[in-house]
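Following: one structure in structure tokens, then a few remarks.
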Amino acid sequence: TQLLEQSPQFLSIQEGENLTVYCNSSSVFSSLQWYRQEPGEGPVLLVTVVTGGEVKKLKRLTFQFGDARKDSSLHITAAQPGDTGLYLCAGANPSGTYKYIFGTGTRLKVLA
Amino acid sequence: ETGVTQTPRHLVMGMTNKKSLKCEQHLGHNAMYWYKQSAKKPLELMFVYNFKEQTENNSVPSRFSPECPNSSHLFLHLHTLQPEDSALYLCASKGAVGTEAFFGQGTRLTVV
């Protein structure tokens, strides 16, 4: 069973602080995605990382894929209340099937 | 707008009712998914269809019955559900292996 464990599970911080969310697995993934989900809505894709060691930036968000393609991190600089939401990592099975699994999720709350 | 549409957005049903959830995508994707998201639990993969063929059934109870008449449409037929089946049901579609999934807005189901 491929499991994607995220940490921390919950995070409450003040506006302007930095944070890092981790996504870890014992399995290798051909790619990893990060999504953000608002209450009552579907997850919305933020980024895809494909190459081991890859770093992608999306404004204040920095995403990194581990060298062995088993883990990823999301770093937010100077968090804002609009960053509040559920952050999910997801991975595609490298064996070629369409099984697509999600991490356990990190619920972020940024206080003004 | 992700290109994946789910209806209805909200559904309240009794334990003896029969209802269906609908998902439609016009992204040209060949894989479609049903996920269940309960409060404070990770996204659970329920079913995967690839080119109309079911490729994954994640030990889902038979009171949930999926149907995929073509690559653009996916249904989830519900009958004799239990209150613990109340959750947000999310549909997603995906292109080639290794690419990201796109989600609908979900159906909030309440079983009374």
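Values quoted throughout were computed directly from the atomic coordinates according to the rules given, and no laboratory measurement underlies them. Model, not experiment: these values are computed from the prediction. We place every Cβ from the backbone using ideal geometry, glycine too, and count neighbours over all the protein chains shown.
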Least to most buried among A:LEU19, A:LEU58 (fewest other Cβ within 10 Å first):
A:LEU58, A:LEU19
Between segment A:62-112 and segment B:1-26, what's the alpha-carbon centroid distance in Å?
27 Å
Taking each residue in B:42-54, count the Cβ atoms of any other chain within 10 Å of its Cβ, then average. What number comes out?
3
Using θ = phi - 60° and the Karplus curve 6.51 cos²θ - 1.76 cosθ + 1.60, what whole-Hz ³J(HN,Hα) does each residue of segment A:19-27 get, with Gly and Pro shown as x?
8, 9, 10, 10, 9, 10, 8, 8, 9
What does the C-alpha gyration tensor say about the overall shape of segment B:9-64? Classify as rounded when a/c is under 1.5, otherwise prolate if a/b is larger than b/c, or oblate.
prolate
Proxy exposure order for B:MET15, B:MET46 (fewest C-beta within 10 Å first) is B:MET15, B:MET46
The set of residues whose placed amide H lies less than 5 Å from the amide H of B:GLU56, leaving out same-chain residues fewer than 5 positions away, is B:VAL48
If amide H atoms are modeled at 1.01 Å from N in the peptide plane, then the residues at a separation of 5 or more from A:LYS99, or on another chain, having amide H under 5 Å from its own are A:ASN93
Just the isolated ones, please: cysteines in chain B lacking another cysteine beta carbon under 4.7 angstrom.
B:CYS68
Rounded if a/c is under 1.5, else prolate if a/b is larger than b/c, else oblate: which is segment A:33-99, with a ≥ b ≥ c the root eigenvalues of its Cα gyration tensor?
oblate
Whole number please: convex hull volume per residue, Cα atoms of the protein assembly as shown, in Å³.
116 Å³
Rounded to the nearest 5, what % of DSSP beta bridges with both residues in chain B are antiparallel?
90 percent
Apply the Karplus curve 6.51 cos²θ - 1.76 cosθ + 1.60, θ = phi - 60°, to the phi angles in segment A:72-87 and return the couplings in whole Hz, x for Gly and Pro.
8, 9, 10, 10, 10, 9, 6, 4, 10, x, x, 7, 4, x, 9, 9
Space enclosed by the convex hull of the alpha-carbon atoms of segment B:40-112, per residue, Å³
111 Å³
What does the convex hull of the alpha-carbon atoms of chain A project to on average, in nm²?
6.6 nm²
Sequence-distant residues sharing a close amide H with A:SER30 (under 5 Å, placed H):
A:ALA92
Per-residue HN-Hα couplings for segment B:8-21, Karplus 6.51 cos²θ - 1.76 cosθ + 1.60 at θ = phi - 60°, whole Hz, x for Gly and Pro?
x, 7, 9, 8, 10, 9, x, 5, 9, 6, 10, 9, 9, 9
